[in-house]
Amino acid sequence: MTANAIVTGAAGCGKFSLDEALARTEGLRLIEGDTFHDEANIDKMCRGIALTDVDREGRLARLGDELGRHRESGVRLTCSGLRRACRDRLCGASTGLRFVFLGTDRDAALHRVPARAAEHSVSAEALDDDSATLQSPVGEPAVQRLYAVVPAEQLRHAASAWLHARAQIT
């Protein structure tokens, strides 16, 4: 059994790029958490309005369902997971869930954002909202912190090695 894992972090840190590389290398399904936002949340985000915990509820429920469906086969999921309550909720849906937290700073995130595809575009205000909302998972169980400024292949290798080492001891 391959454990489910979520690449998490604030907007612009490179969650999707890392998770896509992990899923491809490991032969696992990639789930882009942003596609689980409902229309109301998408509208708010497009207008630069930060989401509330209430706004996130439906998406978290849908993501939890997806994690549950892939309990045996394993899956790689992208989700900002900015708040501890969000991460705890997702852990409740998937025993042994692991998080790879991509830390970054505002300048690095702002540098990455213009290169992103239109469906992943984000404003400077959204980056600031994410930074203000973030409750760092560093120190929580089953969390690996990586720095987003490290070259992509090194990030993928470090995350994959950690995930597989953890799989051996759980």
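Take the residues of the range 1-50 that are touching a residue at least 60 places away in the same chain (Cβ under 8 Å) and polar (S, T, N, Q): which is nearest to R83 (Cα to Cα)? Filtering first and then ranking leaves T8. Within the range 131-157, the set of residues being closer than 19 Å to A10 by Cβ and either outside any loop (DSSP other than H, G, I, E, B) or among the polar types (S, T, N, Q) (or both) comprises S131, A132, T133, Q135, S136, V143, Q144, R145, L146, Y147, A152, L155.
Residue by residue, here is whether (1) closer than 25 Å to P151 by Cβ; (2) of a type outside the set (S, T, Y); (3) touching a strand residue (DSSP E or B) at 6+ places or on another chain (Cβ under 6 Å) holds:
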position	(1), (2), (3)
N4	no, yes, yes
S17	yes, no, no
K44	no, yes, no
L51	no, yes, no
D65	no, yes, no
T95	no, no, no
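Residues checked against (1) under 21 Å from H37 (Cβ atoms); (2) modelled with pLDDT of 85 or more:
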residue: R98; (1), (2): no, yes
residue: D105; (1), (2): no, no
residue: R112; (1), (2): yes, no
residue: E125; (1), (2): yes, no
residue: D128; (1), (2): yes, no
residue: P141; (1), (2): no, yes
residue: Y147; (1), (2): no, yes
residue: P151; (1), (2): no, yes
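For the range 6-17, indicate whether the set of residues that are aliphatic (A, V, I, L, M) and under 16 Å from A142 (Cα atoms) is non-empty. Yes, the conditions are met somewhere in the range 6-17.
Residues in the range 41-92 that are part of a loop (DSSP other than H, G, I, E, B) and more than 14 Å from the chain's Cα centre (by Cα): R47, G48, I49, A50, L51, T52, H70, R71, E72, S73, G74. In the range 28-40, the qualifying residues are those that are closer than 17 Å to A93 by Cα and either touching a Pro at 6+ places or on another chain (Cβ under 9 Å) or in a helix (DSSP H, G or I) (or both), and the one that is most open to solvent (accessible area, probe 1.4 Å) is F36.
A single member of T8, T35 is modelled with pLDDT of 90 or more, touching a Phe, Trp or Tyr at 6+ places or on another chain (Cβ under 8 Å) and under 26 Å from D128 (Cα atoms), and it is T8. Test L134 against the stated conditions and say whether it is under 25 Å from E66 (Cβ atoms), surrounded by 14 or more Cβ atoms within 10 Å (Cβ to Cβ) and at pLDDT 85 or above. Answer is no for this residue. The residue that is farthest from A158 (Cα to Cα), counting only those in the range 93-105 that are in a strand (DSSP E or B) and either open to solvent by 20 Å² or more (accessible area, probe 1.4 Å) or of a type in the set (A, V, I, L, M) (or both), is L102. The set of residues in the range 21-42 being out of contact with any strand residue (DSSP E or B) (no Cβ under 6 Å at 6 or more places or on another chain) and not hydrophobic (A, V, I, L, M, F, W, C) consists of R24, T25, E26, G27, D34, T35, H37, D38, E39, N41. Looking across R76, R69, R89, one residue alone is open to solvent by less than 10 Å² (accessible area, probe 1.4 Å), farther than 18 Å from A132 by Cβ and among the basic types (K, R). It is R76.
The values are calculated or read from the model by the stated rules, or taken from the named source; none is laboratory data. In this text, all values refer to a predicted model and were calculated from it rather than measured experimentally. No Cβ is skipped: glycine too gets one built from the backbone with ideal geometry, and neighbour counts run over all protein chains shown. These accessible areas exclude ligands, DNA and RNA; they are computed on the full protein's heavy atoms, side chains included. Shrake-Rupley method; radii C 1.70, N 1.55, O 1.52, S 1.80 Å.
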